[in-house]
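Okay, structure first, notes after.
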Amino acid sequence: MPVSAPWPAEPPAAPPDGGLTLLVIEDAPGGALSGPRVAEMTGTAEGPVRVRTARNLTEAERLLTDDVQCILLDLALPSRAYAPGGGHELDTLRQVLRLAPHQAVLALTAETDAARAAEAVRVGAQDYLFRDELDGRVLGRAIRYAVERKRADSDRRQLTESRLRAQENARLERGLLPHPLLAGSELRFAARYRPGRSRALLGGDFYDTVRTADGTVHAMIGDVCGHGPDEAALGVELRIAWRALTLAGLCGDELLATLQQVLEYERADEEVFATLCMVDIAPGGRSAALCLAGHPAPLLVRPGHTPALLPQEGGGPALGLLSAARWPHREIRLGAEWSLMMYTDGLVEGRVGAGTRRLGQEGMIELVARRLKEGLTGEDLLEAVVAEVRALNGGDLTDDLAVMLLARG
């Protein structure tokens, strides 16, 4: 029957005195691996070696505490001494490895049994020793080598697992980013997204664009307060809910009230809210309906006109703040040729220089106007704007950033 025992979640740490604790498993008191003899043999090693001796796996389980770093096992000892019913000699080693997954294991055998020694390393031991060469110098060096090799193996395994998790998270987050549904529309689409979390692909900002069967293009951008993994998950839920509700034909207060219900059901804390900007562009692309829920107004760019923000007044509160809120719509004339830039506050709240001054909406307008004069449009325009905002901030922004551009003509 396999022996099981609780083991430490992390590999044992080295004691402050630089020594280590060795667990010797043998069935003959006073034998070749007796605690006093091993302690005497390793007494000249770097740092003290504390030795414990167990005659079977039951005793080993009791003596295997978090401070044990290495186990010394004689492969010549009969397996029935450790595993009732007997079996292959390496069965004992396998049970020790299951019992102590975070400890280094040294296998001891006769010099004439080199094949079994090599097999022990293949099974999982960190190293082996021949009984005939067992002296203080060799044993002390082998113990410390085994401990360091086990630590290196653990570090390498944890690094590999971290990389695999990071790759899986990246694939997941890329899959959750929106893919605009604009088939049949003459509008051009571009977007840039930068989460505030280090090494993340997804933050609490979210955006989407879909075209419904009547030819209307619906665009939305939003921001969940905060920028951690919970906010990122909530942002994805709100985006997916918005797309489903829009394609189902909901609009106006009915859509936003339902979206607010989703937020209230899914948020981790009652203090969490989300801002939202929604634009419904009429078929033909010359006019739109604007709805703001606590979100900054989009920037409209038209030939022969200075870039200007759409009206901010008359909007409604952010989602999640008021249970019986209303969100008025404002009709907007766009014209025959235009670009509409929708963004989250991460684009305008970055610092300018080393002080406390923020870029702000006015600074953003000046920055966009300058890039437009250089002839930049679409993806190139957004790339240049985001790059300059980061440069002005002196590096990566602390808040999530999303910016989306729709253009006609």
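None of the figures in this text is laboratory data; all of them are computed from the coordinates on show. Since the structure is predicted, the reported quantities are computational estimates derived from the model, not experimental observations. For neighbour counting, all protein chains shown are included, and Cβ atoms are generated from backbone atoms with ideal geometry for every residue, glycine included.
Per-residue Cβ neighbour counts within 10 Å put 254, 270 in the sequence 270, 254, beginning with the fewest. May I ask you to derive the FRET efficiency for residue 261 and residue 214 from their Cβ-Cβ distance with R0 = 22 Å, giving the value to the nearest 0.05? So the FRET efficiency works out to roughly 0.30. With each label modelled as a point 7 angstrom along the Cα→C-beta vector, the residue 162-residue 110 pair spans 4.7 nm. The C-alpha radius of gyration of region 177-408, expressed as a fraction of 2.2 N^0.38 Å, stands at 0.96. Between residue 282 and residue 253, the simple label model (points 7 Å from Cα in the Cβ direction) yields a spacing of 2.2 nm. With the simple model of a label 7 Å out from the Cα in the direction of the Cβ, residue 189 to residue 326 spans 3.3 nm.
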